[in-house]
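J.: Take this structure first; my questions come after.
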Ligand SMILES: CC(C)(COP(=O)(O)OP(=O)(O)OC[C@H]1O[C@@H](n2cnc3c(N)ncnc32)[C@H](O)[C@@H]1OP(=O)(O)O)[C@@H](O)C(=O)NCCC(=O)NCCS
């Protein structure tokens, strides 16, 4: 399989992960997100087929947005002199595996690729956490892959805020 970054001239292939919003994003919005600098999308391709995709954008974890008990755990990851009101993060904006590839470990593999690439520091900027607003049904999947739940101070609707510490990725 090959990981490619979506470009404006990429000829989009059909993709079905069983979720209309995530299918629609890839079909109708992903290129516009790229062109308007809102998010980059990456495709995991198996020959001509898109087996999975995800998109990434900048984010931050802020003290004001999450419960004190969660913030204490996050603060503990830093020396006292670096106890700030927020910490830089990258958000996993969308994440989906095709129904044809489901439950074969591809989601786990795709998350490992993301974590490794982020740890390798390919960009020019810096961040500590990977965040996701997870579908409630997918929370166990993220927990199995090292994400922790956050309790937001404001009601979040039908998603669960979660984070992953990039520093917990072991060097290859
Ligand atoms: C969630 C998703 C990405 C997982 O991809 P996948 O390739 O099937 O995942 P993997 O094969 O790596 O892992 C499967 C494991 O996660 C668990 N899992 C996956 N989806 C789950 C779900 N919706 N609810 C509960 N557990 C789930 C499986 O039980 C399995 O556990 P096991 O390893 O103990 O057997 C995929 O189901 C998907 O694309 N769903 C629709 C879109 C979606 O919900 N995206 C997340 C948006 S936040």
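Quick note: the coordinates plus some simple rules give every number you see, no bench work behind them. As the structure is a computational prediction, the values presented were derived from the model and not from experiment. With ideal geometry, Cβ positions are generated from the backbone for all residues, glycine too; neighbour counts draw on all protein chains shown.
J.: Mind sorting 53, 10, 87 by how few other Cβ atoms lie within 10 Å of their own Cβ, fewest first? Walk me through the intermediate numbers first.
T.: On the way: 53 25, 10 14, 87 20.
Fewest-to-most Cβ neighbours within 10 Å comes out as 10, 87, 53.
J.: Which residues in the range 135-172 place their backbone N less than 20 Å from a point set 7 Å from the Cα of residue 68 along the Cα-to-Cβ direction?
T.: Output list for this probe position: 150-155.
J.: Let me ask another. What shape does the range 125-172 have by the C-alpha gyration tensor, where a ≥ b ≥ c are the square roots of the eigenvalues, rounded means a/c under 1.5, and otherwise prolate means a/b greater than b/c and oblate the rest?
T.: In terms of gyration-tensor shape, oblate.
J.: Sort 130-137, 164-171 for me by packing, meaning the mean count of neighbouring Cβ atoms within 10 Å per residue, highest on top.
T.: 130-137, 164-171
J.: Most fluctuating residue of 14, 88, 152 in a GNM of the chain with Cα springs under 10 Å: which is it?
T.: Highest fluctuation among the options: 14.
J.: A follow-up question, please. Which shape class applies to the chain: rounded if a/c is under 1.5, otherwise prolate when a/b exceeds b/c and oblate if not, where a ≥ b ≥ c are the square roots of the Cα gyration tensor eigenvalues?
T.: Here the chain falls in the prolate category.
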